[in-house]
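First comes the structure, then the notes that go with it.
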Amino acid sequence: MYMKLELTVLPVSDVDRAKAFYEALGFRLDIDKPVSEQWRAVHLTPPGSECSIMFGTGLTSAEPGSAQGLYLAVLDIEEARAELIGRGIEVSEIFHDNGGIIYHGHDGGDITHRLPGQERKPGLHPERASYGSFASFSDPDGNGWVLQEIQQRFPGR
């Protein structure tokens, strides 16, 4: 069977504010479809991604800002962070995980999924291992994003 993640719906409180934020982030606007006062869909895609985000009016009952741990893979985390800051996005300092190469939390939200022994450490991963260096940011509602540097994918990916 063939399956791939195509879309994730984000809960936001102000559709136009969220649209402006994601366009400033560099996401491509695919659709802005208002059907009525009760239903509007805004669909955007990160550069280079096959998976998109959608938000709007009447799309989800989830609390605005409740989406956490949304990952964006980047080739060079220092370059990506600098570009986002240049676009006016507040991005954390670069960090790595003391207990492994996968970070399981987001300090911008109430939800964290850290495992015992994991601890966020400042700076790049000591070996600059793929999947090992991170930076985080949130949209205006608090939906939490993580940049993850991946220079070489695990086998089969």
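The values are calculated or read from the model by the stated rules, or taken from the named source; none is laboratory data. Note that the structure is a prediction, hence the values are computed from the model and not measured. Virtual Cβ from ideal backbone geometry, glycine too; neighbours counted across all protein chains shown. Note: accessible area is taken over every heavy atom of the protein model, side chains too, but ligands, DNA and RNA are not part of it. Shrake-Rupley method; radii C 1.70, N 1.55, O 1.52, S 1.80 Å.
Using the C-alpha gyration tensor of the chain, what are the square roots of 5 times its eigenvalues, in whole angstrom, with the largest one first? The partial results should precede the final answer.
On the way: eigenvalues 159, 55, 49 Å².
Taking √(5λ) for each Cα gyration eigenvalue gives 28, 17, 16 Å.
Roughly how many Å² is the accessible area per residue of the chain, as a whole number, for a 1.4 Å probe? Could you put the intermediate results ahead of the total?
Details: 8930 Å² over 157 residues.
Ligands and nucleic acids excluded, the figure is 57 Å² per residue.
If you add up the charges near Val12, with Lys and Arg at +1 and Asp and Glu at -1, over every other residue whose beta carbon is less than 14 angstrom from its beta carbon, what do you get? Intermediate values should be presented prior to the final figure.
Details: positive: Arg17, Lys19, Arg40; negative: Asp14, Asp16, Glu23, Asp32, Glu63, Asp139, Asp141.
Result for the local shell: -4.
Roughly to the nearest percent, how much of the accessible area of the stretch 39-78 is carbon and sulfur, given a 1.4 Å probe? Mind showing how you got there, number by number?
Details: 1000 of 1890 Å².
About 53 percent, which is the carbon plus sulfur part of the accessible surface.
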